[in-house]
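Engineer: Can you keep this structure in mind? I'll have questions shortly.
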Amino acid sequence: MSKKKETILVIDDSDEARRGYCDILVHEGYKVLEAQDGREALNIMKDQSPNLVLLDLLLPEMSGLDVLRQIKADPRTKDIPVIVLSALNGQSHIQKILESGAVDYIVKLSHLSKEIISKIRKYLPSDLSPL
């Protein structure tokens, strides 16, 4: 009996960064959705229900913080874990993001694929394992 494959939405305006995250996630067995800006991400979330979101903060038109707030304000998406990825790493900045509803924060410049996968597994239900 096969288990349900977890879906992760990757939101990043950098094609290179987004592809890199997606490659790591697909290699680990996750289903991946991609968005290059906040509006596209919110539209995807209306049609599909990812199990987790990786969110860059510096996005065109709508900031990642605004995207996070809209995700958390919507009853349909408020319980989806959001891990923020950003090059910004000040403690007060990180605290603001966590208070806005993110479950975790990864500094982009210091991330390793094992760290990303470890944090994703921490917030996804244990009964939904990747294939």
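Every read-out reported here was derived from the displayed coordinates using simple, explicitly stated rules and does not represent laboratory data. Bear in mind the structure is a predicted one, so any value in this text is a computation, not a measurement. All Cβ positions, even for glycine, are placed from backbone atoms using ideal geometry, and neighbour counts span all protein chains on display.
Engineer: So what does log10 I(q)/I(0) come out to for the stretch 12-100 at q = 0.15, 0.24 Å⁻¹, using the Debye formula with one equal point on every Cα and no solvent?
Structural biologist: Treating every Cα as an identical point scatterer, log10 I(q)/I(0) equals -0.55, -1.37.
Engineer: I've got another one for you. Quote the charge dipole size of the chain about the Cα centre in Debye, to the nearest 20; the model charges only the Cβ of Lys and Arg (+1) and of Asp and Glu (-1).
Structural biologist: Working: 18 positive and 20 negative charges, 105 e Å.
That gives the chain a dipole magnitude of about 500 debye.
Engineer: Take the alpha-carbon positions of the stretch 55-102, form their convex hull, and give its projected area averaged over all directions (one quarter of the hull surface) in nm². Walk me through the numbers before you get to the answer.
Structural biologist: Numbers: hull surface 12.8 nm².
Across all orientations, the stretch 55-102 yields a mean hull projection of 3.2 nm².
Engineer: Also, quick follow-up: Which entries in the list Lys5/Lys46; Lys5/Lys119; Lys46/Lys108; Lys46/Lys96 go over 23 Å, if you measure between the two C-alpha atoms of each? Write down the numbers at each step before the final one.
Structural biologist: Working: Lys5/Lys46 19 Å; Lys5/Lys119 17 Å; Lys46/Lys108 27 Å; Lys46/Lys96 26 Å.
The pairs that break the limit, which is 23 Å between Cα atoms, are Lys46/Lys108; Lys46/Lys96.
Engineer: So which GluC sites (Glu not before Pro) in the stretch 30-109 pass both tests, a DSSP loop state and at most 12 other Cβ atoms within 10 Å of the Cβ?
Structural biologist: Values: sites: Glu34, Glu40, Glu61, Glu99; in loops: Glu61.
When the GluC sites (Glu not before Pro) of the stretch 30-109 are filtered for loop state and at most 12 Cβ neighbours within 10 Å, Glu61 remain.
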